[in-house]
Every structure is written in C-alpha cells, then in structure tokens.
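Reading through the structure tokens given below for one structure.
Any read-out appearing in this document is the output of simple, stated calculations on the displayed coordinates, not a laboratory observation. As the structure is a prediction and not an experimental result, all values here were calculated from the model. Quick reminder, even Gly has a Cβ in these numbers, built from the backbone with ideal geometry, and neighbours come from all protein chains shown.
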Amino acid sequence: MKFRVLATALGCAAGLMTNAAIAQDGLKVALDGTFAPHAMPSLSGGIEGFNVDLANLVAERLGTTIQIDAAQFAGLVPALQAGTYDFLVAPVTVSEERSANMLFTEGFMDTNYAFVQLAGSGAGTTIEDYRGKTLAVNKGSNYEAYLNEKAAELELTVMSYGTTSDAVEAVMTGRAFAALAGHTSAAWAVKRNPRMMLGAEIATGLVWAFPFRKDDVENRNRIDAVIECLKSDGSLAALSEKWLGVTPAAGTTIVTPTPGYGTPGSDGYDDTPHEVSCSF
C-alpha cells in the first residue's frame with residue numbers, strides 16, 4: 001500500500017533564498033512506510049513516525065514544502081537513481097557498497113542492537129551479561145547472525161522467530177530471557193509495553209543517513225547542514241524521546257554533529273570544516 005503526505009513547512013523568508021529548485025518546487029522524498037517507529041500507517045490514513053517527523057523538520061528549517069511517499073524499501077533506491085525523489089528519508093545504513101553508488105549525509109542515528117527483556121529482570125550492560133541465557137531473535141536478521149557467532153563462546157541458546165514481535169512475545173511468555181533487535185525497534189516495543197525494559201545495547205559502529213544521487217553534492221551538503229542544526233538545537237533528541245522513550249546519551253550520533261559533510265570513512269565524504277548553523 002502506498003501513502004502520500006504533503007506537509008507545508010513554516011520557515012522564515014530567509015530560508016527561501018538558499019536553493020531555487022527547493023524553494024520553488026519543494027522537496028520530494030520517500031521512505032518505507034512499514035518500519036515502525038520510523039514510519040508506519042497512522043489512524044488518520046497517512047503515515048507517522050520518527051523519520052516522518054524528521055523529514056518535516058528538514059523542510060521547516062529550509063522554509064519549503066515536502067512530499068513524503070511511502071513505498072516498499074526494495075524500490076526506493078531505484079526510484080532515487082531514476083530521479084523520482086530528491087533523496088530518501090528512510091533509515092539507510094551507510095556501507096562501503098552503498099556509498100560507492102550513493103552520496104550520504106552524516107548519520108542521524110547509530111544503528112545499534114539492543115535487548116528487550118522483562119522489567120525487573122536485571123538489565124545487562126554487555127553481551128557477556130547474557131551468558132548461558134536463552135535469547136530470541138528474528139530469523140534471518142543480522143541480529144540472529146550476531147547471536148549465532150557468540151553462541152558457543154557464551155553458551156547461548158538462540159531461538160529464531162518469524163518476526164521481531166514474535167521474538168518479543170517469547171520473552172513475555174517466558175520462553176526466552178531476552179530478545180535482540182535493532183535499538184529503535186527494541187525501544188518501540190518497550191515504549192508500548194510497560195512490562196518490558198531495554199537491556200544491553202550493542203554498538204555496531206554503523207549509522208543511518210539520508211542517501212542522494214552520487215552527483216548531487218550541493219543538496220547533500222545542504223541537508224547535511226540541516227541535520228547538524230537539528231542535532232545542535234535538540235530537535236533530534238526530542239524526536240528520540242517522543243518515538244523511542246529514550247533520552248540520547250552525550251556523544252551519540254543523534255546529538256553530535258559530524259565534522260565535514262557526509263559520513264566519515266564513506267565514499268563521497270567531504271572533510272571541509274564549517275560551523276554548525278541554523279541559518280539557511
């Protein structure tokens with residue numbers, strides 16, 4: 001199913017002078033509308049979520065309009081490359097392979113893993129704290145591969161389920177001590193169920209960022225600067241609290257502007273120094 005949202009941002013007049021195409025035509029972006037809590041169907045018939053709010057904030061800071069299309073993730077990159085969209089606002093993990101074909105902004109969030117477990121069960125701080133435990137996970141996911149790699153060393157029993165929701169249900173019914181998922185999915189599950197809590201968070205060293213076509217350096221840099229603004233003025237932290245129930249720790253990607261433009265270490269990263277500013 002495809003949803004479309006057209007949001008009108010109330011930016012100041014100065015924001016209209018930065019880029020003629022953006023100011024006159026607005027932004028046209030896309031994401032996967034089934035990846036809660038980043039984007040999901042709303043009761044009003046549109047879409048809502050962390051990345052929907054983030055996209056609207058970008059347009060607001062630029063003083064322009066934005067059209068957000070929701071479609072299957074597999075079709076997003078081909079549509080971007082075909083020129084259908086200015087950029088993607090889906091959470092896309094920056095990798096060597098992807099950065100060879102697309103231009104990324106700096107990360108707006110770390111793509112860590114996290115455990116979900118029953119409240120009061122004693123949250124771990126590292127994977128070592130789950131030694132000997134039965135852990136649930138979504139079958140075929142990166143999280144399953146991670147646990148399988150650790151299983152022999154830590155004497156883990158890994159139980160695989162068809163969905164993350166099923167893995168969390170296994171914890172609620174006592175079949176598993178904890179479930180491992182992406183940090184945002186884990187936080188979303190906990191936010192909706194007071195019987196659950198977050199356990200240890202596993203750092204991956206990877207980030208989510210917005211991808212552009214390889215030759216669109218000017219607009220990549222422009223949106224990168226907006227992301228820096230949203231980190232520095234507390235807007236991204238507020239979205240984390242709203243959608244994840246998590247106050248970001250100091251030094252994490254969601255509240256820390258990255259030097260230069262793009263994601264360090266990726267193809268297309270520009271280390272040119274510049275000041276963080278919310279004047280566009």
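A straight chain from residue 195 to residue 153 at 0.36 nm per residue would run longer than the Cα-Cα distance by 12.1 nm. Extending 7 Å from Cα along the Cβ direction at residue 272 and again at residue 163 yields two label points whose distance is 4.6 nm. Over the chain, dividing the summed -39,500 (n - 2.57) contributions of all DSSP H runs of at least 4 residues by the number of residues returns a 222 nm mean residue ellipticity of -9000 deg cm²/dmol. Where the centroid of each part is defined by its Cα atoms, how far is region 149-207 from region 47-72 in Å? Here the two parts' Cα centres lie 29 Å apart.
Residues 278, 229, arranged from fewest to most other Cβ atoms within 10 angstrom of their Cβ, appear as 278, 229.
In region 226-259, which residues have a backbone nitrogen under 15 Å from the label point lying 7 Å from residue 123's Cα in the Cα-to-Cβ direction? Correct set: 241, 244-250. Sorting 32-40, 267-275 by their mean Cβ neighbour count within 10 Å, with the most densely packed peptide first, gives 32-40, 267-275. You can think of it this way: the chain between residue 173 and residue 44 has 43.2 nm of extra reach, that is 0.36 nm per residue less the Cα-Cα gap. Think of the chain as having a plus end and a minus end, set by charges on the Cβ of Lys, Arg, Asp and Glu; of 229, 67, 101, 67 sits farthest toward the positive end of this dipole. Placing unit charges on the Cβ atoms only, positive for Lys and Arg and negative for Asp and Glu, gives the chain a dipole magnitude near 860 debye about its Cα centre. Taking 20 Å as the cut-off, the amide N atoms of region 111-137 that come nearer than this to a point 7 Å along the Cα-to-beta-carbon line of residue 95 belong to 111-114.
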